[in-house]
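The values are calculated or read from the model by the stated rules, or taken from the named source; none is laboratory data. Bear in mind the structure is a predicted one, so any value in this text is a computation, not a measurement. Virtual Cβ from ideal backbone geometry, glycine too; neighbours counted across all protein chains shown.
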Amino acid sequence: MKRIFAYLRFIPILFFFPVYKNNIRLRKDLDQWINTKNNKTFLGRLAVLLQSKKEFRNLFIHRNTYPKNHFLFRRWIKIWYPPEPTLYLECPDIGGGCYIQHGFATYVTAKKIGDNFHVNQQVTIGYSGPNALPTIKDNCMVMCGAKVLGDITLGNYTRVGANAVVIKDYKRGYGLLVGVPAKPKKEYPIEVLRKEGIAIEE
Ligand SMILES: CC(C)(COP(=O)(O)OP(=O)(O)OC[C@H]1O[C@@H](n2cnc3c(N)ncnc32)[C@H](O)[C@@H]1OP(=O)(O)O)[C@@H](O)C(=O)NCCC(=O)NCCS
């Protein structure tokens, strides 16, 4: 019975296939969320995720809100696949390959977020004042309970440890920020990064 319902509620989503089929970011997201060995097709993976992960539904709705707002589709999908009610994705530009682990009680408001972003539950990324919003570059992770606040930039490969509160720029990236207020703890040495030809902002 459960399986029949699962199939039935996916059918209406198929009608909107032209709306999301070329969404490159969504396709990259799927690579982060699911083991591709078991689910090879785009639609197969989408069906499994929509069925099993509430927090994925928020991301799917987001992918169909920015840059084009498919209002009717958003309405429609919310009826068939209710999203996680305490997860807010309010950044207009989130790169592909975004992964949300659990995602409850989480607020993501940023100017821009790069590719392969990972965020956990009970995280706040947002304002410290009017228009003061963070920018997060590629391959960053924000762990459970952490806060990233204000007009600051986190460089590539920044990891924000559980419960850290980040209120200052960390443009160089390639490091772990922990504590309140957050400070760098485990960093790739700059010389090693330079040797590998990685350009970093200091
Ligand atoms: C990001 C994280 C995994 C770091 O892992 P790691 O790279 O293996 O780091 P380590 O465990 O080697 O820790 C390095 C140092 O940072 C400290 N540290 C790590 N995370 C910390 C945190 N959240 N707050 C304060 N200090 C922290 C460690 O005590 C250690 O300090 P020391 O060198 O003085 O002993 C970890 O910080 C974290 O946040 N884990 C939470 C993951 C999560 O959200 N889980 C929820 C799943 S439902």
### Query
Which one is nearest to residue 201 (Cα to Cα), of the residues in the range 170-184 that are outside any strand (DSSP E or B) and within 11 Å of the ligand (Cβ to nearest atom)?
182
### Query
What are the residue pairs meeting all of these: first residue in the range 108-121, first residue surrounded by fewer than 20 Cβ atoms within 10 Å (Cβ to Cβ), second residue among the β-branched types (Val, Ile, Thr), Cβ atoms under 7 Å, and 6 or more apart or on different chains?
109/125; 111/135; 112/135; 121/106
### Query
Filtering the range 128-148 down to residues that are in contact (Cβ under 8 Å) with a residue 24 or more places away in the chain and away from the ligand (no atom under 16 Å from the Cβ), which residue is farthest from residue 112 (Cα to Cα)?
128
### Task
Would you confirm whether any residue within the range 66-84 is closer than 30 Å to residue 5 by Cα, in contact (Cβ under 8 Å) with a residue 40 or more places away in the chain and among the basic types (Lys, Arg)?
no
#### Entry: residue 99 vs. criteria touching a residue at least 40 places away in the same chain (Cβ under 8 Å), of a type outside the set (Gly, Ala, Ser) and either crowded, with 19+ Cβ neighbours inside 10 Å or within 16 Å of the ligand (Cβ to nearest atom) (or both)
yes
## Note on the structure
Here the qualifying pairs (Cβ atoms under 6 Å; residues six or more apart or on different chains; first in the range 20-34 and of a type in the set (S, T, N, Q) and modelled with pLDDT of 90 or more; second in a loop (DSSP other than H, G, I, E, B) and crowded, with 19+ Cβ neighbours inside 10 Å) come out as 32/97
### Query
For the range 111-127, how many residues meet the condition of being of a type in the set (Val, Ile, Thr) and away from the ligand (no atom under 16 Å from the Cβ)?
1
### Summary
Those residues of the range 31-53 that are among the charged types (D, E, K, R) and surrounded by fewer than 19 Cβ atoms within 10 Å (Cβ to Cβ) come to a total of 3
#### Entry: Matching residues in the range 149-169 - criterion: being more than 10 Å from the ligand (Cβ to nearest atom) and over 14 Å from residue 139 (Cα atoms)
149, 150, 151, 152, 165, 166, 167, 168, 169
### Query
Looking at 4, 13, which one is touching a Phe, Trp or Tyr at 6+ places or on another chain (Cβ under 8 Å) and assigned to a helix (DSSP H, G or I)?
13
### Task
Taking the options 166, 178, name whichever one is surrounded by fewer than 21 Cβ atoms within 10 Å (Cβ to Cβ) and of a type in the set (A, V, I, L, M).
178
### Query
In the range 60-94, which residue that is in contact with a strand residue (DSSP E or B) (Cβ under 6 Å, 6 or more places away or on another chain) and buried (at least 16 other Cβ atoms within 10 Å of the Cβ) is farthest from residue 150 (Cα to Cα)?
62
### Task
Name, by its number, the condition in (1) within 14 Å of residue 107 (Cβ to Cβ); (2) part of a loop (DSSP other than H, G, I, E, B) that does not hold for residue 148.
(2)
